[in-house]
Amino acid sequence: MRGMRTSRFLIHLGLILVILLSVVLSWFIWTNPARYERTKQQTSRSSNVIQNEQANKSVGDIYLPTQVVYRQTATNAHLINNTNVSLTDSIRTAMEKWRLTRVTRQSVNSRKAYEDIINQDNMVMLKYPDNVTGGILNDAFKQKMDFSGKSSRILFSVEKRNEVYLLNDDNYGIYKVRARNQNLARIKEMLSGDVQRFEVKETLINHHLITSYVNGVKVPEYSYLINKQTAAYFVSTLMNSDNASSVTSKEQSGKTIYSDGNSKRMTVNNKRGTVFYEDMAGQSSYHETAGKALLQSFTVLNNMEVPLDNMRYYNYDAKNNAVVYRSYVEGFPIFNQTDYGTVEIQITGPRTKEIDFSLYSLQIPVPTGKERTDLPSTQTVLQNLQANGYKLSDIHNIEIGYQWTANPSSDLVVNLTPTWYVNYKDQWVAYQKLTAAQP
């Protein structure tokens, strides 16, 4: 017991020292007579670092599956996560050596056939949060599949060669892919190494395949030192202006509004650190194919020069031609009712766009000294929601995610608290908020 108290004391002491060091360094920068020049140089160096990182990012780095589910038998399926390396990236690298070519449709609009194939033994499922196009899959996995459809699941056997499928929740579409040069032994090694395992089952709710946790799970809480980019940084990257005189700014109700006097405007919420950017030249409404929208939004994301290390594609809204990207920590997405952890890009015209994003990004994890958070099983969450008057027909998805909250000890640190998030009537809401309110 004394050892545990000593360990916790040392963890808290380490966190306090990290925070104090950050405060001292910040004070030194801002009280130095040459602070303006140094800050300018520091911003330049930061920009150069981000630019170098962005140059190495490909479509496949952002359009990676976010979950790996391994079903060995009908009663033995697990969500697999590796806390040391990205398991989806490792599997993607191995699959790049496969030769995936001809695609043939096996079944459409049959829920039974869909459930039968996802419940087969010895199958690995790579899951996207939403559909991607065949072109995106080819770019991400360096393949040449002849597939013009959309898919959110890649399913393959680890025992039988040439058993690869693309699945589409929307129409229960099953498409078989011709596969050669498969090294299945390498995949099995990745799944049996030093990994986390959560017992799950795949459940269809309102045409969406949910990763349902059979039991309650323990998920770690994290604290992170954060970085805040200046608004001026994005004035340069988004409004294409290094000349401050060409951009005007004004304060209005706690917001700073930047304008180039033509078509570009950037509104910064000074309290929340969130940004809404709009380029209003040309058409006000515009609809493009999903494939083009995904690629166009990736180009915009890359050119924004926001940190992309933990960023992943999350979903595409066809109605608004908008693509959402989220930050991930240990395989779980960051949610919040603010824009923290989210970049949303809406393509409004051939040369126009709207972007919602945050000035903040995660930097260095710091110890919290807290035990893992206990979260109930998926079935328990759904039963509690029904008991509180919510209809399952209004719930389109449910998953574990991290909630970004302020750290009361320092503005330089944020807490990432694990919780259940529910897609209720097309809005992501924390489970606790739903149960505390009436539907």
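The values are calculated or read from the model by the stated rules, or taken from the named source; none is laboratory data. Note that this is a predicted model, so its numbers are computed, not measured. Every residue, glycine among them, receives a Cβ derived from its backbone with ideal geometry; neighbour counts consider all protein chains shown. Surface accessibility is based on the protein's heavy atoms, side chains included, excluding ligands, DNA and RNA. Shrake-Rupley method; radii C 1.70, N 1.55, O 1.52, S 1.80 Å.
Taking residue 428 as the residue in question, decide whether it is at pLDDT below 95 and open to solvent by less than 40 Å² (accessible area, probe 1.4 Å).
Yes: the conditions hold for residue 428.
Taking segment 242-276 only, how many residues are outside any strand (DSSP E or B), buried (at least 16 other Cβ atoms within 10 Å of the Cβ) and either touching a residue at least 24 places away in the same chain (Cβ under 8 Å) or touching a Lys or Arg at 6+ places or on another chain (Cβ under 9 Å) (or both)?
Final tally of qualifying residues: 2.
Yes/no matrix, rows are residues, columns are (1) modelled with pLDDT of 85 or more; (2) among the hydroxyl-bearing types (Ser, Thr, Tyr); (3) open to solvent by less than 40 Å² (accessible area, probe 1.4 Å); (4) within 23 Å of residue 186 (Cα to Cα):
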| position | (1), (2), (3), (4) |
| --- | --- |
| 31 | no, yes, no, no |
| 42 | no, no, no, no |
| 49 | no, no, no, no |
| 58 | yes, yes, no, no |
| 64 | yes, no, yes, yes |
| 71 | yes, no, yes, yes |
| 80 | yes, no, yes, yes |
| 93 | yes, yes, no, yes |
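What residue, among those in segment 347-378 that are under 30 Å from residue 319 (Cβ atoms) and open to solvent by 50 Å² or more (accessible area, probe 1.4 Å), is nearest to the chain's Cα centre (by Cα)?
Going through the qualifying residues, I end up with 360.
Which pairs turn up if I take residues in segment 222-234 that are part of a helix (DSSP H, G or I) and look for partners that are among the small types (Gly, Ala, Ser) with beta carbon separation below 9 Å, at least 6 apart in sequence or on another chain?
These pairs meet every condition: 231/249; 232/244; 233/46; 233/47.
Taking the condition of being without any contact (Cβ under 8 Å) to a residue 40 or more places away in the chain, open to solvent by less than 40 Å² (accessible area, probe 1.4 Å) and more than 21 Å from residue 237 (Cβ to Cβ), how many residues in segment 300-343 meet it?
The qualifying residues number 1.
State yes or no: is residue 127 open to solvent by 70 Å² or more (accessible area, probe 1.4 Å) and closer than 24 Å to residue 314 by Cα?
No; evaluated as a whole, the condition is false for this residue.
Mind checking which residues of segment 132-151 are crowded, with 20+ Cβ neighbours inside 10 Å and within 17 Å of residue 65 (Cα to Cα)?
132, 133, 136, 137, 140, 141, 150, 151
Would you please list the contacts, defined by Cβ atoms under 6 Å and residues six or more apart or on different chains, that run from a residue in segment 411-422 that is over 21 Å from residue 435 (Cα atoms) and assigned to a strand (DSSP E or B) to a residue that is among the charged types (D, E, K, R) and open to solvent by less than 10 Å² (accessible area, probe 1.4 Å)?
Listed by first residue and then by second, the contacts come to nothing, as the list is empty.
Regarding residue 165, is this residue surrounded by 20 or more Cβ atoms within 10 Å (Cβ to Cβ) and in contact (Cβ under 8 Å) with a residue 60 or more places away in the chain?
Judged against the criteria, residue 165 is not a match.
Here is a check on your reading of the model: is residue 240 at pLDDT below 90 and under 19 Å from residue 359 (Cα atoms)?
When the stated conditions are applied, residue 240 passes them.
Are any residues in segment 354-378 polar (S, T, N, Q) and within 25 Å of residue 270 (Cα to Cα), and if so, which ones?
Passing the criteria: 358, 361, 363.
Only one of these is crowded, with 20+ Cβ neighbours inside 10 Å, of a type in the set (A, V, I, L, M, F, W, C) and touching a Leu at 6+ places or on another chain (Cβ under 7 Å): 154, 210. Name it.
154
So, residue 89, is that one farther than 23 Å from residue 171 by Cα and either touching a Lys or Arg at 6+ places or on another chain (Cβ under 9 Å) or open to solvent by 20 Å² or more (accessible area, probe 1.4 Å) (or both) or not?
Taking the combined requirement at face value, the residue satisfies it.
Within segment 104-122, can one find any residue that is part of a strand (DSSP E or B), hydroxyl-bearing (Ser, Thr, Tyr) and closer than 19 Å to residue 313 by Cα?
Checked segment 104-122: no residue is part of a strand (DSSP E or B), hydroxyl-bearing (Ser, Thr, Tyr) and closer than 19 Å to residue 313 by Cα.
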